[in-house]
Amino acid sequence: MHFTDLGIDNRLETQLAHQGITQPTDIQAHAVPTALAGHDIFAQSKTGSGKTLAFLLPAVQRVMKQKALSKRDPRVLIVAPTRELATQVFTQLRLLIAGTNIKALKILGGENFNDQIKALRNDPHFVVATPGRLADHLTQRSLQLSGLELLIFDEADRILDLGFTEQLKMINELANHRLRQTLLFSATLDHAQVDALSRNLLKKPKQIMLSAANEQHSDIKQSLYLADYLDHKEALLAHFVKQDDVGQCIIFTATRADTARLSELLNSKGLKAQALAGDLTQSKRLDIMDAFSRENFKVLITTDVASRGLDLLSVTHVINFDLPKHAEEYVHRIGRTGRAGFKGTAISLVGPKDWPSYKAIKSFLNDELEFHTVEGLTGKFKGLRDKKPQVQNKVNDKVKPKAKATPKRKAKPKKPQAPIKAPLNIDGDAPMRRRKKPEQE
Ligand code: ADP
Ligand code: MG
């Protein structure tokens, strides 16, 4: 199948071919014609399955081919939860509109507000924004949405998790006219909160549910390792990062302090690592991301800020030094590898503090996670008993938990993995599985 078969213009197809993109992915094959036909969309498909182009292609085509409702207001607004994700989307958009006279602007928090006001006066056709800063511009009326034709939310569930419900309502109300089309995409949309939101945002949406949020990703090999406190976790971490099959690697930690400490630790072992913490300035963050994407260093250590923004095919491994609290976040974190048909490995270290998160993730993913061990690096922690009151957050690193053995652990040695050089193979990465409309019970 070609992009032109989906109704996409030749020029766009040529533009994609320059990027080596010739065959639509599953989500693109479903979403592009649906969006071009003018329907609202509620779409869920796996991490790395090509959702960005699934909404950008019909958006760009619309701006190229159809007359604008307003000469001044943006025609397309794309809202993404984090600066990293907004930047990623913007980069893809810029490639698509290269050589056209379509104007696009990125509006992020952490950047100069007045510069943004000036740039908005240039009447961009596309605005890609994070919700907080966008709302500031709407309040100040430096941006009007009455002529908006297409409103797109990427990773809408995360926007809600971050507490931007009011901002979403405001955007919805200011761009509230009969002709507006709205598209909502994520890998994890089955939350009650998202259902409530989509009832307000979407009009008779077409549901495109290509995978369940909790479906195991066939291109990502997931393994878990029981770990004692910090020293043991650090020893395991160093062991994994040193393996030959690690190309680039992203490590997720619970705290900023840990990102800095682990970066020092790995550098002291000759492994090039950098910490990306939320408190860095925007330009520093972009510099680090840029250097990582150019493969100037091997290991990026971060908290959740980057878990949905990074799309780098060279990332072979994701390591959860600590587990995230929410199971959905686990899905997005591990989804930084195994993208666009490549294979990836996700390793999670599960210590006493991680146990409640482990239980939540295990139940979300329907129990398919297994523990492994590394020879010479097995610890004392064997998991916590189910009935025991959970020690979540109360335990500090120096207090020993009363860890009781459970029969869960499998004493399998870690198998060496083949180097990861899978060809780009998009076909079949997202099996079709339609679900009922979540908003119409
Ligand atoms: P998602 O948003 O679903 O996590 P992305 O849109 O970020 O995934 O796409 C993941 C990667 O796949 C990107 O590097 C993107 O350039 C690439 N990609 C997207 N569509 C195609 C395609 N049709 N063929 C090959 N690669 C693609
Ligand atoms: Mg995406």
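The table below gives the values:
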{"item": "Cβ pairs under 6 Å, 6+ apart, first in the stretch 155-177 and farther than 20 Å from F55 by Cα, second crowded, with 20+ Cβ neighbours inside 10 Å", "result": "L162/P81; F164/P131; Q167/P131; Q167/A135; M170/A135; L174/L145"}
{"item": "Selection from the stretch 6-24 of residues that are hydrophobic (A, V, I, L, M, F, W, C) and either part of a helix (DSSP H, G or I) or not assigned by TED's automatic domain parsing to the domain that holds S49 (or both)", "result": "L6, L12, L16, A17"}
{"item": "Cross-chain or 6+ apart pairs with Cβ under 7 Å, the stretch 185-200 first and over 19 Å from A175 (Cα atoms), then within 15 Å of ligand 2 (Cβ to nearest atom) and among the β-branched types (V, I, T)", "result": "A187/T47; A187/V331; T188/V331"}
{"item": "Some residue of the stretch 142-161 being more than 16 Å from ligand 1 (Cβ to nearest atom), on the phi > 0 side of the Ramachandran plot, surrounded by fewer than 21 Cβ atoms within 10 Å (Cβ to Cβ) and not in a helix (DSSP H, G or I)", "result": "no"}
{"item": "One residue from A119, A104, A175 being modelled with pLDDT under 95, touching a strand residue (DSSP E or B) at 6+ places or on another chain (Cβ under 7 Å) and away from ligand 2 (no atom under 16 Å from the Cβ)", "result": "A175"}
{"item": "Single condition R294 does not satisfy, out of (1) at pLDDT below 90; (2) surrounded by fewer than 19 Cβ atoms within 10 Å (Cβ to Cβ); (3) charged (D, E, K, R)", "result": "(1)"}
{"item": "Among residues of the stretch 162-182, those that are in a loop (DSSP other than H, G, I, E, B) and crowded, with 17+ Cβ neighbours inside 10 Å, counted", "result": "3"}
{"item": "First in the stretch 100-119 and assigned to a strand (DSSP E or B), second anywhere and charged (D, E, K, R), Cβ under 7 Å, 6 or more apart", "result": "A104/R94; I107/R133"}
{"item": "L377 being in contact with a strand residue (DSSP E or B) (Cβ under 7 Å, 6 or more places away or on another chain), within 11 Å of A227 (Cβ to Cβ) and assigned to a loop (DSSP other than H, G, I, E, B)", "result": "no"}
{"item": "Residue within the stretch 283-299 that is outside any helix (DSSP H, G or I) and of a type in the set (G, A, S) present", "result": "no"}
{"item": "Residue check, L237 at pLDDT 85 or above, away from ligand 2 (no atom under 16 Å from the Cβ) and surrounded by 21 or more Cβ atoms within 10 Å (Cβ to Cβ)", "result": "yes"}
{"item": "Some residue of the stretch 25-38 being in the same structural domain as D157 (by TED's automatic domain parsing), within 16 Å of ligand 2 (Cβ to nearest atom) and on the phi > 0 side of the Ramachandran plot", "result": "no"}
{"item": "Selected residue (criterion: nearest to F342 (Cα to Cα)) from residues of the stretch 188-222 that are touching a strand residue (DSSP E or B) at 6+ places or on another chain (Cβ under 8 Å) and among the charged types (D, E, K, R)", "result": "D219"}
{"item": "Some residue of the stretch 78-92 being within 27 Å of L313 (Cβ to Cβ), touching a helix residue (DSSP H, G or I) at 6+ places or on another chain (Cβ under 8 Å) and surrounded by fewer than 20 Cβ atoms within 10 Å (Cβ to Cβ)", "result": "yes"}
{"item": "Residue check for H217: in a loop (DSSP other than H, G, I, E, B), touching a helix residue (DSSP H, G or I) at 6+ places or on another chain (Cβ under 9 Å) and either within 16 Å of ligand 1 (Cβ to nearest atom) or modelled with pLDDT under 95 (or both)", "result": "yes"}
{"item": "Scope the stretch 39-72; condition farther than 14 Å from L151 by Cα, basic (K, R) and more than 16 Å from ligand 2 (Cβ to nearest atom); matching residues", "result": "K65, K67, K71, R72"}
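Residues checked against (1) more than 28 Å from A346 (Cα to Cα); (2) of a type in the set (D, E); (3) part of a helix (DSSP H, G or I):
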| site | (1), (2), (3) |
| --- | --- |
| T52 | no, no, yes |
| L56 | yes, no, yes |
| A68 | yes, no, no |
| P74 | yes, no, no |
| I78 | yes, no, no |
| V89 | no, no, yes |
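The values are calculated or read from the model by the stated rules, or taken from the named source; none is laboratory data. What you see is a predicted model, and the numbers here were worked out from it, not measured in a lab. Every residue, glycine as well, gets a Cβ built from its backbone with ideal geometry; the counts of neighbours run over all protein chains shown.
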